[in-house]
1. Taking the condition assigned to a helix (DSSP H, G or I), crowded, with 17+ Cβ neighbours inside 10 Å and at pLDDT below 90, does residue 824 pass?
2. I'd like to verify a number: residues in the range 310-337 that are surrounded by 23 or more Cβ atoms within 10 Å (Cβ to Cβ) and part of a helix (DSSP H, G or I), how many?
3. For the range 958-977, enumerate the residues that are touching a residue at least 40 places away in the same chain (Cβ under 8 Å) and assigned to a helix (DSSP H, G or I).
4. Could you tell me whether residue 907 is assigned to a helix (DSSP H, G or I), surrounded by 24 or more Cβ atoms within 10 Å (Cβ to Cβ) and on the phi < 0 side of the Ramachandran plot?
5. Looking at the range 942-957 only, could you name the residues that are part of a loop (DSSP other than H, G, I, E, B) and modelled with pLDDT of 90 or more?
6. Need a quick list: helices (runs of 4 or more DSSP H) entirely within the range 121-212 having at least 2 residues that are over 27 Å from residue 11 (Cα atoms).
7. Could you check how many residues of the range 338-382 are modelled with pLDDT under 85 and either assigned to a loop (DSSP other than H, G, I, E, B) or not assigned by TED's automatic domain parsing to the domain that holds residue 312 (or both)?
8. Would you call residue 557 in a helix (DSSP H, G or I), modelled with pLDDT under 90 and crowded, with 19+ Cβ neighbours inside 10 Å?
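The values are calculated or read from the model by the stated rules, or taken from the named source; none is laboratory data. These numbers come from a predicted model, not from an experiment. So basically every Cβ, Gly included, is an ideal-geometry build from the backbone, and we count neighbours across all protein chains shown.
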């Protein structure tokens, strides 16, 4: 299952509100609220920077307003925690969310739907729903004069128009008594809106209060004359005259209603606006040859019958000859209604006396069809078992219409009778809260209401039962009831005492009992499957049957609405149905059978995960395990990535579940999943699965497994910049591998220690570790490990300024990558070669290598490494003099670094952005970015970033302050062996001392820099203080190897 993105919700129809997955996010800074409000009002459209500046400062923008506005956007992105939410466009920014996630656009869409809705009931429901989006004065907490002047009045007018229309529609529906009080308040609050006065007059007249209605007119006339010197408008005057003459046209329409056998509607019905609109359109449309048929399908308890009755009652006026409802009891404790019983019921409803109903079904059908001839009747066939259950009840008269409800999707009716289908899903959290509040008779706290909705799975039946139970308590407390549901048997608790039909279990049992044995067994066992969804291969593993057989059984369960196919070939449970399946499995299948089924599932998941990992991360050294005999269905790395995208939530759940069922699968699944999680920067998931597997391995005393898992965790800490914990885990892994005699595992740990020590600034240790890893890999014939080790050594040579040696190592690594198909390691090697070329002054070659690396990393979706390549491209554009492209690439790198949580990448991007700003004269911003990079680098122990930030500050600060930073940079570069940084520090120090008039030290440092440049083969200017030296040295690979072919974070 693909990673589900966060659900954002923005509110402007009241105080500014932002929610992520229903959790409120505070935006405390007033200027940030202004920017967000401006973007939300135009969600999905570019808002020019000039317009944002006007919103922020009206007609008096400060100097540097554009840069300040950009800073506000950057900080707002940080506050929201999703850099991609606010997109940069030419000349402005735009909020990248669907319009339905902003209350303003939901309101507007509902108002549009009103114009397309034929019934007053439907219009009223839509208008009430639209106006419920308003929470108070528009953007009351957004202090922008321009916004309040230019935007708010139009929005307020839209609300007033909708409110006027809602009141008029409610008057049409006979709500005059309850409207009087509301209209009194509205006329006082908005005295010049005459439609409110007119509605108040009509309400009073229909409530048999003609004198009061006339008095209201006199009050309006006096107020307008005193205030404006004018009388009421023509519509109000005509209404006044009609009241005086008691015009019958003012009376409420009390025409006879069509006959109906419908049960009562539910007074607290909520939601289903879209379904009602679609169903209405389909049912009222007349066809020349056949009656329209609509099937409402969905799982038990989702509210199919309630919607059918509610909808049918709204359509009474469309079917003047009647609306007939019959409960066929297809899924019920009672026996299903036979055809003869159904005909008897319908004939009696059509006026045939019981004694005149024919006995023969054929005669019954003939009489039934003749009675419907030339009639316009809506037939509601509720709770049908299958297509045959309703087929002979379908009217031949084309002016009629048929509404069917069933847990089955009745595909046969679609195939043979042309039925249309509408599948009902569970209620949204807002609809669920509204339903509970209506039944319980109290305002529901949003957080507690959302949790109750989640426990009830959004299922209307479960929510109604929960609300009924709440309302029966002397002091209803939703939070307390939620706690009880969590603690108790939820299925048993969702029942009303003394009413067997009002229980969730009673709704589910008939559907389960109707299944054939194989489908019933699959239903039970699917409840045990870890994760959020499942596929036919998983179902096949549960039953130990061919995939085709499992697919057909899943189709049966889907047709019965016991599982839902929400994407092609992917299925999921409704939450309460899963709970019912689990309960039934524990009742009917013994532990041995359940465990065997789960082990088969783990094996299928592991075999596919290993095959996908091999395609995506061929140099990822995984812990030993017997080779799988199962042939992989994955054709290439793109299919492998798609499989991981869909399945990784289920794999994570399987790691956890397997600890108590089959622990060995816990650590093997975690190990197979590691490369994908690392590449996607799902660090929290990676740490969680690794820790879970480690705990399982310790409990199982699986000593050979522990060092592999420690290595995995150590490289996660390295990628996060947590060097002490990385060294601790890797050192322990090396010791444990050495004790067990696992030379490959030891070589992996040794190579990774080289990676960490390089970034700690201990180049001597890094060379020693990396050289040993290379020698061992060659001795053991581990070519993939050898390629990764060569990339690490190439990086170290580059940092030491040994460009020829770096080129040799990287070229050899590239050859091996091509030979063995190591796409990711090859991309990393090319990125580092780009850094070598830049320092040699070969800018064209540098572009070629970096761009090729970027293309490959994007194809592999290696976001962790993409950030560094983007940053290196930014540095290369800077050297080419294209500062606009340099900034664009570095800003993208910075966004990715923030998203992936990598402090080092963030420091590199900040340093390079600062260097461009220095060149373009924005010294203040350059100093701030270098200072931020320095703080980040020091907190992470990232020496290269620290030295680069110190050099940048030395260049941008006043010379007297700059000298101190440059001397610190020079000392740190010399103590760590970063000779490239040392040469750059000398060059910039010479310039600053020259500016201070210190000619002798300037000459000495300049000569030192020139000598180092020549010795290293650097192009002139690379260490001169012009920024090429700031191009970060690409990161070395984790020789485990991790992120793709290895945790190569090419930097």
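1. Working: assigned to a helix (DSSP H, G or I): yes; crowded, with 17+ Cβ neighbours inside 10 Å: yes; at pLDDT below 90: yes.
Considered against the rule, which asks whether it is assigned to a helix (DSSP H, G or I), crowded, with 17+ Cβ neighbours inside 10 Å and at pLDDT below 90, residue 824 comes out as yes.
2. 2
3. So in the range 958-977, the residues touching a residue at least 40 places away in the same chain (Cβ under 8 Å) come out as 972, 975-977.
Scanning the range 958-977 gives 972, 975, 976.
4. Numbers: assigned to a helix (DSSP H, G or I): yes; surrounded by 24 or more Cβ atoms within 10 Å (Cβ to Cβ): yes; on the phi < 0 side of the Ramachandran plot: yes.
In short, yes.
5. So in the range 942-957, the residues part of a loop (DSSP other than H, G, I, E, B) come out as 942, 957.
Of everything in the range 942-957, just one residue is part of a loop (DSSP other than H, G, I, E, B) and modelled with pLDDT of 90 or more, namely 957.
6. Working: elements: 145-150, 152-172, 176-189, 194-206.
Result: 152-172, 176-189, 194-206.
7. Looking only at that region, the number is 9.
8. Working: in a helix (DSSP H, G or I): yes; modelled with pLDDT under 90: yes; crowded, with 19+ Cβ neighbours inside 10 Å: yes.
Spelling it out, residue 557 is indeed in a helix (DSSP H, G or I), modelled with pLDDT under 90 and crowded, with 19+ Cβ neighbours inside 10 Å.
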